[in-house]
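Asks: This is the structure I want to talk about, given as structure tokens.
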Amino acid sequence: MLGKFFILCSGADADVLDTCSKAEQNKYAGIGATVFFTALMAFIAASYALYTVFDNYYIAIGFGLVWGLLIFNLDRYIVSTLKKKERKYQEVLQAIPRLILALIIAIVISKPLELKIFKKEIDQVLLTEKNRMTLENQEEIALQYQPKILKLEENIKALQNEISAKEAETNALYDIFINEAEGTAGTGLLGKGPVYKEKREKHDAALAELNVLKQTNAEKINLLENEISQLNTAYQDQVVQDQPVINNFDGLMARIDALGKLPWLPSFFIFLLFLAIETAPIITKLLSSKGEYDFKIEEAESVVATWVNQKVAQRKLLMDTDAELNTEIYQDLKNEKELYDYKKEKAQALLKLQADAFHKVQAKGL
């Protein structure tokens, strides 16, 4: 039962193959098994590849089944149409387009399985890529907010410098009126005289201005710091909002790109494996000698071809003979005087009838 199924997969004529030896049947059963398992691998590979895209088992299995059946049909067609020829180079020339197609199929089949086999390594590459993308995204977003924050920080620093300058001025006035009181500077007189009072008043006025400036600038600084805090919050919100997009950077194209960054030799060997599987039925037929099945198929095809050629030749001969007979018959009729006179009489009668009918029509019109 299993052998018949594999023979069906090989595309061979089961009725003809039943009349062949067991060895011939086993050869085509092996070819059919290769076709079947290649299609099975294509189904598994396509299902996994589509699962990475849609993240849905039903969609992946459905499309994977369609792809597997497509590969099965292509392989079965390739094997069944590869006929044995008298010369090997004719078979090779006949197989070149099929080998190219097998190469394409092998690439398509092997790539999804490579993604599955090297999943851990690909995940590591993707993690590195995601971290890099996260940093780049943060830097890109920072370019939108950082100039504003720096400008606000400069404004805060300017307000603080203004307070510091006023404090330095107030402290200098304090030292002046203290030194005046001690007699170490100014008039050099010890005690709180008129000059001391004047300098003390300047200091007190500067101190009052300093207190007002501190209060005013503190309010401005507080507003600027709140604005900076809002910008930082907006920056963090933007980073958090963009992060899911980066975290989901693990689709089919991303994984294929990550696979390309891994060492090429293991992937190349997997590709060679699938190429060998995909081309095995074709290579087997090319290397195998002309067998009993091939002779019987060639005989059946030659019988049909001979019969068709015979029918075509007969129809052509019949047409040529009929044409020659017609030519001779009409030539003989052309030379007979009795037939000529009869046709002349009938033509004259017909012309008279036409003239009479025309006369009646014209008279009726008058």
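The values are calculated or read from the model by the stated rules, or taken from the named source; none is laboratory data. In this text, all values refer to a predicted model and were calculated from it rather than measured experimentally. Positions of Cβ are generated from backbone atoms using ideal geometry, with glycine treated the same way; all protein chains shown enter the neighbour counts.
Asks: Pick from L152, L135, L127: which is in the same structural domain as N211 (by TED's automatic domain parsing), aliphatic (A, V, I, L, M), modelled with pLDDT of 85 or more and on the phi < 0 side of the Ramachandran plot? Write out each step before concluding.
Replies: Working: L135 fails: in the same structural domain as N211 (by TED's automatic domain parsing); L127 fails: in the same structural domain as N211 (by TED's automatic domain parsing).
That would be L152, the only listed residue that is in the same structural domain as N211 (by TED's automatic domain parsing), aliphatic (A, V, I, L, M), modelled with pLDDT of 85 or more and on the phi < 0 side of the Ramachandran plot.
Asks: Among the residues of the stretch 21-40, is there at least one that is surrounded by fewer than 18 Cβ atoms within 10 Å (Cβ to Cβ) and farther than 18 Å from T284 by Cβ?
Replies: Yes: one or more hits.
Asks: Taking the conditions exactly as written (at pLDDT below 85 and under 23 Å from L272 (Cβ atoms)), does L93 satisfy them or not?
Replies: So L93 does not fit the description; no.
Asks: Kindly indicate the residue of the stretch 100-112 that is among the hydrophobic types (A, V, I, L, M, F, W, C) and surrounded by 18 or more Cβ atoms within 10 Å (Cβ to Cβ) and also nearest to D257 (Cα to Cα) among those meeting that condition. Can you show your working first?
Replies: Initially, the stretch 100-112 is screened for residues among the hydrophobic types (A, V, I, L, M, F, W, C), giving 100-109.
From what's left, surrounded by 18 or more Cβ atoms within 10 Å (Cβ to Cβ): 102, 105-106, 109.
On the way: A102: 24, I105: 20, A106: 19, I109: 17 Å.
Only one residue fits best here, namely I109.
Asks: Are there any pairs with C-beta distances below 6 angstrom linking a residue in the stretch 235-260 that is over 16 Å from E136 (Cβ atoms) to a residue that is modelled with pLDDT of 85 or more, with the two at least 6 apart or on different chains, and if so which?
Replies: Hits for this filter: D250/L126; R255/I122; A258/I122; A258/V125; A258/L126; L259/I122.
Asks: Against the condition within 60 Å of the chain's Cα centre (by Cα) and either modelled with pLDDT under 85 or not in a loop (DSSP other than H, G, I, E, B) (or both), how does E201 come out, does it pass?
Replies: So E201 does not fit the description; no.
Asks: A further question follows. So which pairs qualify, if the first residue must be in the stretch 147-171 and of a type in the set (K, R), the second must be surrounded by 11 or more Cβ atoms within 10 Å (Cβ to Cβ) and assigned to a helix (DSSP H, G or I), the Cβ gap must be under 9 Å, and the two must be at least 6 apart or on different chains?
Replies: Hits for this filter: K148/E227; K148/I228; K148/L231; K166/A206; K166/E209; K166/L210; K166/L213; K166/K214.
Asks: Could you check A300 against (1) touching a residue at least 60 places away in the same chain (Cβ under 8 Å); (2) loosely packed, with under 15 Cβ neighbours inside 10 Å; (3) within 38 Å of the chain's Cα centre (by Cα); (4) not assigned by TED's automatic domain parsing to the domain that holds S80 and say which number it fails?
Replies: In the conditions (1) touching a residue at least 60 places away in the same chain (Cβ under 8 Å); (2) loosely packed, with under 15 Cβ neighbours inside 10 Å; (3) within 38 Å of the chain's Cα centre (by Cα); (4) not assigned by TED's automatic domain parsing to the domain that holds S80, A300 misses (3) alone.
Asks: Any idea which of (1) closer than 29 Å to L93 by Cβ; (2) modelled with pLDDT under 85; (3) not in a loop (DSSP other than H, G, I, E, B) is the one K83 doesn't satisfy?
Replies: That leaves (3) as the condition not met.
Asks: Another question about this same structure. When the stretch 284-294 is examined, which residues are found to be part of a helix (DSSP H, G or I) and surrounded by 14 or more Cβ atoms within 10 Å (Cβ to Cβ)? First the steps, then the outcome.
Replies: Here is the first cut: in the stretch 284-294, the ones part of a helix (DSSP H, G or I) are 284-287, 292-294.
Listed by number, the residues that qualify are T284, K285, L286, E292, Y293, D294.
Asks: Among Y51, Y57, Y77, which is the only one that is loosely packed, with under 13 Cβ neighbours inside 10 Å and either within 24 Å of F118 (Cα to Cα) or at pLDDT 80 or above (or both)?
Replies: On the way: Y51 fails: loosely packed, with under 13 Cβ neighbours inside 10 Å; Y77 fails: loosely packed, with under 13 Cβ neighbours inside 10 Å.
Testing whether each residue is loosely packed, with under 13 Cβ neighbours inside 10 Å and either within 24 Å of F118 (Cα to Cα) or at pLDDT 80 or above (or both) leaves just Y57.
Asks: Kindly provide the set of residues from the stretch 245-293 that are aromatic (F, W, Y), closer than 30 Å to A29 by Cα and in contact with a helix residue (DSSP H, G or I) (Cβ under 9 Å, 6 or more places away or on another chain), ordered by number. Walk me through it before giving the result.
Replies: Quick first cut of the stretch 245-293, residues aromatic (F, W, Y) only: 249, 264, 268-269, 271, 274, 293.
Add one more test, that the residue is closer than 30 Å to A29 by Cα, and what stays is 268-269, 271, 274, 293.
Those that are aromatic (F, W, Y), closer than 30 Å to A29 by Cα and in contact with a helix residue (DSSP H, G or I) (Cβ under 9 Å, 6 or more places away or on another chain): F271, F274, Y293.
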